[in-house]
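The values are calculated or read from the model by the stated rules, or taken from the named source; none is laboratory data. All values derive from a computational prediction rather than experimental measurement. Positions of Cβ are backbone-derived with ideal geometry, glycine not excepted, and every protein chain shown enters the neighbour counts.
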Amino acid sequence: MRGFPRRWGSDSGPSGKAPSAASVKDEPSADTSFESARSQSDADDSEELVEVILDFQDDDTVVLRSVEPAASSAAVGADEPRRSSSASASQSPGRSSSHRILQFSQELKAEAVAKARQFRQDLKTELKRFSQSFKAASSSSAVTPPDGGAASAIESALAARAARKQRAQLTRSRSGAQRAIRGLRFISGSKTNGLDAWNGIQANFDKLARDGFLYRSDFAQCIGMKESKEFALELFDALSRRRKLKTEKISKEELYEFWSQITDQSFDSRLQIFFDMVDKNEDGRITEAEVKEIIMLSASANKLSRLKEQAEEYAALIMEELDPERLGYIELWQLETLLLQKDTYLSYSQALSFTSQALSQNLAGLRKRGPITNLGTKAGYYLEEHWKRIWVVGLWIAVMVALFAWKFVQYRNRYAFRVMGYCLPTAKGAAETLKLNMAIVLLPVCRNTITWLRSTRLSRALPFDDNINFHKTIAAAIVVGVILHVGNHLTCDFPRLEASTEAEYRPLKPFFGNSKPSYGQLLRGPEGVTGILMLLLMAVAFTLATRWFRRSQLKLPKPFNRLSGFNAFWYSHHLFVIVYVLLIVHGQYLYLVDVWYRKTTWMYLSVPVLLYAGERILRALRSGYYSVRLLKVAIYPGNVLTLQMSKPPAFRYKSGQYMFVQCPAVSPFEWHPFSITSAPGDNYLSVHIRQVGDWTHELKRIFSEACEPPMAGKSGLLRADQNAKNLPKLLIDGPYGAPAQDYRKYDVLLLVGLGIGATPFISILKDLLNNIVKMEEESDALPDFIPPPDGHIDLATILKLTAPKPRRTLKTTNAYFYWMTREQGSFDWFKGVMNEVAELDQRDIIEMHNYLTSVYEEGDARSALITMVQALNHAKNGVDIVSGTRVRTHFAKPNWKKVLSRLASKHPCAKIGVFYCGVPALAQELSKLCYEFNQKGTTKFEFHKENF
C-alpha cells in the first residue's frame with residue numbers, strides 16, 4: 001500500500017507516555033486500535049492533539065512524514081468523548097511538548113507496522129476463502145474457467161477493492177467527517193435532538209396512536225415527514241429491520257429508540273441507517289437495482305419526475321464510480337467515501353469564491369457608538385437611500401396642504417360659513433386637493449413620457465422606478481379627499497342649508513335660487529347627480545383595483561367570480577373616462593361659485609388629460625405600424641408560452657425593458673406588459689408568458705391548437721414555427737422603461753429572479769454575453785491592410801493605421817444571476833441561454849446559480865443521493881442532472897445574508913446594483929439587507945424591484 005498517507009488526531013499523556021501497541025493488539029483493525037488508544041489517553045490526561053502523517057511501504061515499513069501539534073480540539077469528531085476538567089488540571093507542566101510528540105510517534109510507528117502485517121495476513125486469508133467458494137460455485141454450475149482465469153480475476157478484483165478500502169480508511173480525516181455529518185440529516189431544523197423536539201413527537205404520538213401503538217402508515221406524520229411519506233416508510237422499515245421487528249406498529253418506547261437513532265449526531269450512525277434503507281436484504285451489499293430504487297424514492301420525495309425516469313442511468317453511474325472492479329455491489333465504506341469526497345465533485349458553480357473577508361471589512365462600522373450617533377448615522381443612510389422619494393412626496397404633500405389651507409381660509413371668511421359652519425371650508429379644501437390629484441394621477445402612467453425622461457438628466461432627481469407606487473399613493477389620497485368632500489356635503493352642508501331660517505338663507509339666494517332647496521332637490525341637481533355618479537364609478541374602480549380582486553386572492557362564487565382577476569381591473573379602470581367627463585361637468589356647476597375663471601377644474605385637468613390621451617392614440621397608431629411575424633412558438637412545463645417574433649426595423653430597446661402585447665383573437669382591447677427576453681443585438685423579439693390569469697390562459701389555448709409535439713432534440717411540450725398554419729395575429733407596443741435598463745451604470749450586478757421573474761434579466765445576460773464576445777473579437781482582430789503595388793502610402797493612410805482605435809469597455813465587471821423556481825421543468829425556459837453563457841464566458845464575468853426550492857436543502861438525507869448523482873454526472877458529462885444545463889442547481893433557498901456578505905468581500909468599494917423581480921416578501925428582505933450592508937462597509941448596494 002504505497003504512498004497512502006493518513007492524518008491522525010491523538011493525545012499525549014501527562015508524563016509523555018503514549019498508548020502502546022500491546023494495549024490494543026487484540027483490536028480488529030488499525031483504525032479501531034487507535035480509537036481505543038485515544039480513549040485510554042482521554043481518561044486521564046488533557047486535550048493536547050497532534051496530527052501525524054505516515055507512509056506505509058510495501059516492505060512493511062512505515063515512514064513518518066510529519067508530526068504537527070493540532071490547532072485545537074475542534075477538529076475532533078463528534079463521536080469523541082469530552083475530557084474531564086480534573087484530567088486537564090493534572091497535566092504535568094514540566095514535560096516538553098516536543099518530547100511527548102517524539103515518544104508518541106515512535107510507539108505509533110511500531111503499532112502501525114504490527115497492524116499493517118496483521119491486515120495483510122487477513123487479506124490473504126479472505127482472498128483464499130473467497131477463491132475457494134467461487135471455485136465451488138463455478139463447478140456446481142458446470143462452468144469451468146480455463147486455467148482458473150475467473151478465480152484469478154475475482155481475486156484481483158477483491159484485492160483491488162481491498163486496497164481502495166484501505167486507502168479510503170487512511171485518507172478519512174476528522175474534518176471531513178464533521179462536514180459529512182452536516183450532509184446527512186434525516187430531520188431538517190435546528191431542534192432535532194432537544195427535549196422540545198421529542199415533546200413534539202410525543203404529542204404527535206398521542207394524537208395518532210391507536211391502542212397505544214403507532215402504525216407504520218402514521219409514522220411520517222408523527223416525525224414531521226408528512227410531505228415525503230414514502231421516504232419515511234422506508235426509514236421505518238430500515239429501523240425495524242435493525243431491531244428485528246416484523247410488525248406494522250410500534251410502542252412509544254420503540255418510537256423513542258427510532259427517534260434517538262434518527263437524530264444521532266454520529267456520522268457513522270447516520271450513514272449506517274441510510275445504508276440499511278438501501279440494503280433491504282441485509283446482506284451488507286448494495287446492488288444496482290437497490291441503488292435505482294432509492295434514487296426513485298429520493299426523486300419522488302423531492303418531486304423530481306424527470307430524475308425518476310432516468311433512475312436506471314444514474315444508478316449505473318454510481319455503480320461505475322464506486323464499483324470499478326465490477327463486482328456488482330458496493331459496501332458501506334464506498335458510500336461513505338462518496339459522501340466524504342462530495343465537495344471535490346461539486347467544484348463547479350460554487351457560491352462566490354473569495355480570498356478573505358477580513359480584507360474588505362470596514363472595522364469602523366464595527367465600533368460601538370452612542371445612541372445619538374447611531375440615530376444620526378441611520379438617519380443619514382435613510383436620506384441617502386430615499387432622498388428622491390422624500391423630496392417628491394414632500395413637495396406633493398406641501399402643495400396639497402397649501403391648496404387645502406387656501407380654500408379653507410377663503411370660505412371661512414365668506415357668509416356661507418355662518419350657515420354651514422366648518423363643514424363648508426373642509427369640503428371645499430378637499431375639493432381643491434381632488435382637482436390636483438385627479439390631474440397628476442395620470443402622469444405616472446404616461447409610460448412613453450416616462451421612458452423618454454429616463455434618458456434625461458431628470459432621472460438623477462426623480463424616482464421613475466416608483467411611478468406605479470406613486471400612482472397608488474395618489475389614488476389613496478383621492479379616496480381620502482372624496483370621503484371629506486362628499487361626506488361633509490351629504491351629512492353636514494346640505495342638512496344645515498335645509499334647516500336654515502329665511503333670514504339666514506336670504507344672502508344665499510344668488511347661488512341657490514329664490515326658494516330654499518330641499519335635501520332631495522340638492523341631490524337631484526347637476527352637482528348632486530354628477531357627484532353621486534362619480535362616487536359610484538370610482539368606488540367600483542378602486543375596489544376592483546385592490547390586490548384581493550386584481551390577483552384573484554378573493555374567491556367568489558359564480559357568477560361573481562368574474563369580478564376578480566386582471567380583466568375586471570382592466571375594464572373597470574376604463575370607467576375613469578366617464579369619471580373625467582363627469583368631473584368637468586361637475587366643475588361647471590359648483591356651489592357658491594358664479595364667475596367662470598374661478599371654476600378651475602378644467603385648468604387642472606387639461607394638460608394631463610391631453611398628454612394621456614395623446615399617449616393612447618400613439619399606442620394605437622404604433623401598434624399598427626409595428627407589424628410582427630411569428631417565427632417560433634413553444635410551450636414549456638410550468639405553463640409558460642414562449643413567443644419569438646420578427647423585430648420591426650424601428651423598434652429599438654434596451655435590455656431590461658418591456659413591451660405590451662395584444663392578441664385580437666383573445667381580446668381586441670386588452671394590452672398586457674411582458675419583459676423582453678431577447679437582447680438588443682438579436683434579430684428577433686421574444687417574450688415568455690406564464691399562465692396566471694384568464695387572458696394568458698386563453699392565449700395559451702389558442703396557440704396550443706396551432707402547435708405540435710416537438711421533434712427529436714427540441715425542447716418544449718409543444719412547438720410551432722413560422723410555417724405553421726392558423727397562428728394568431730399579434731400586435732406589440734413599446735418599448736417601455738424599467739428599473740433593470742439602467743444596469744450599465746453599476747460595477748457589479750446581482751440579478752435575482754423568482755420563477756417567471758427571471759425574464760427581465762435574461763435579456764441583460766444575453767446583452768452582457770454579446771458584449772463579451774465582441775470584446776474578444778476586437779482584441780483578436782488584426783488590421784486588414786494591403787500595401788499598394790507601387791509601395792506609396794500617403795500621410796492620411798499612415799495616420800489612420802497608427803491612430804489608437806477606441807476599445808469597447810464594460811463598466812460592469814461581474815454579474816451574478818440567482819434564479820429560484822419550484823418546478824424542475826422551469827429550467828427548460830432558458831436552458832439555451834444558460835448553456836451559451838457557460839460556454840462563451842471565458843472571462844468568468846457572469847456567474848449563474850439555479851435554486852430548486854422544492855428539493856430539500858443540501859444536507860438532508862432525502863436529497864443526499866440526488867446530490868451525489870448530481871456531482872458525479874457533472875464530473876463525467878459536464879451537465880447538471882436537475883436543470884439539464886452546465887449550471888449547477890442548488891437546493892432549497894439561498895442564504896441572502898451570506899450572498900451579500902461575499903459580494904461585499906469580493907468587490908470592496910464597488911457600486912453593486914441589486915435587481916429583483918418576484919414576490920414582495922423577498923423584495924423587503926433584500927431591501928433591508930442592502931440597507932444594513934451599506935451602513936457596515938465600503939461596498940454600496942442599490943436595490944431595485946420590478947413593478948408591472
Could you figure out which of (1) of a type in the set (S, T, Y); (2) part of a helix (DSSP H, G or I); (3) more than 31 Å from the chain's Cα centre (by Cα) isn't true of T247? (2)
Between a residue in the range 817-835 that is within 15 Å of L922 (Cβ to Cβ) and assigned by TED's automatic domain parsing to the domain that holds Y916 and any residue that is assigned to a helix (DSSP H, G or I) and among the β-branched types (V, I, T), which pairs come within a Cβ distance under 7 Å, given they are 6 or more apart or on different chains? none
What is the number of the single condition among (1) closer than 30 Å to F494 by Cα; (2) in contact (Cβ under 8 Å) with a residue 24 or more places away in the chain; (3) surrounded by 16 or more Cβ atoms within 10 Å (Cβ to Cβ) that D466 does not meet? (1)
Residues of the range 265-307 satisfying the condition of being buried (at least 19 other Cβ atoms within 10 Å of the Cβ), under 33 Å from the mean Cα position of the chain (by Cα) and assigned to a loop (DSSP other than H, G, I, E, B): N302, L304
For the condition at pLDDT below 80 and surrounded by 19 or more Cβ atoms within 10 Å (Cβ to Cβ), what is the one hit in A706, A724, A738, A720? A720
Whether any residue in the range 225-232 is more than 25 Å from V291 (Cβ to Cβ) and surrounded by 14 or more Cβ atoms within 10 Å (Cβ to Cβ) is what I want to check. no
Taking the range 632-680 and keeping only residues that are more than 23 Å from the chain's Cα centre (by Cα), buried (at least 17 other Cβ atoms within 10 Å of the Cβ) and assigned to a strand (DSSP E or B), one is left with V633, A634, I635, L643, Q644, M645, M659, F660, V661, Q662, H672
Unmet criterion (only one of (1) without any contact (Cβ under 8 Å) to a residue 12 or more places away in the chain; (2) over 23 Å from L322 (Cα atoms); (3) part of a loop (DSSP other than H, G, I, E, B)) for K229: (3)
For the list (1) in contact (Cβ under 8 Å) with a residue 24 or more places away in the chain; (2) touching a Ser or Thr at 6+ places or on another chain (Cβ under 8 Å), I need the number of the one condition that F408 fails. (1)
Which condition number in (1) at pLDDT 90 or above; (2) over 20 Å from V401 (Cβ atoms); (3) within 41 Å of the chain's Cα centre (by Cα); (4) of a type in the set (V, I, T) is the one that V486 fails? (3)
Within the bounds of the range 312-324, is there any residue that is surrounded by fewer than 20 Cβ atoms within 10 Å (Cβ to Cβ) and either touching a Ser or Thr at 6+ places or on another chain (Cβ under 9 Å) or polar (S, T, N, Q) (or both)? no
Do you know which of the residues in the range 469-496 that are charged (D, E, K, R) and touching a residue at least 24 places away in the same chain (Cβ under 8 Å) is nearest to R547 (Cα to Cα)? D493
Which of the residues belonging to the range 681-707 are within 22 Å of R629 (Cβ to Cβ), in a strand (DSSP E or B) and touching a helix residue (DSSP H, G or I) at 6+ places or on another chain (Cβ under 8 Å)? V687, H688, I689
Anything in the range 900-925 that is aliphatic (A, V, I, L, M) and either assigned to a helix (DSSP H, G or I) or loosely packed, with under 14 Cβ neighbours inside 10 Å (or both)? List them, or say none. L900, L903, A904, V919, A921, L922, A923
With criteria (1) at pLDDT 85 or above; (2) in contact with an Asp or Glu (Cβ under 7 Å, 6 or more places away or on another chain), A613 comes up short on (2)
I need the full set of residues from the range 829-882 which are touching a Leu at 6+ places or on another chain (Cβ under 8 Å), of a type in the set (A, V, I, L, M) and in a loop (DSSP other than H, G, I, E, B), in order please. I845, V855, I881, V882
Residues (buried (at least 20 other Cβ atoms within 10 Å of the Cβ) and either closer than 14 Å to Y519 by Cα or aromatic (F, W, Y) (or both)) located in the range 471-497: N488, H489, D493, F494, L497
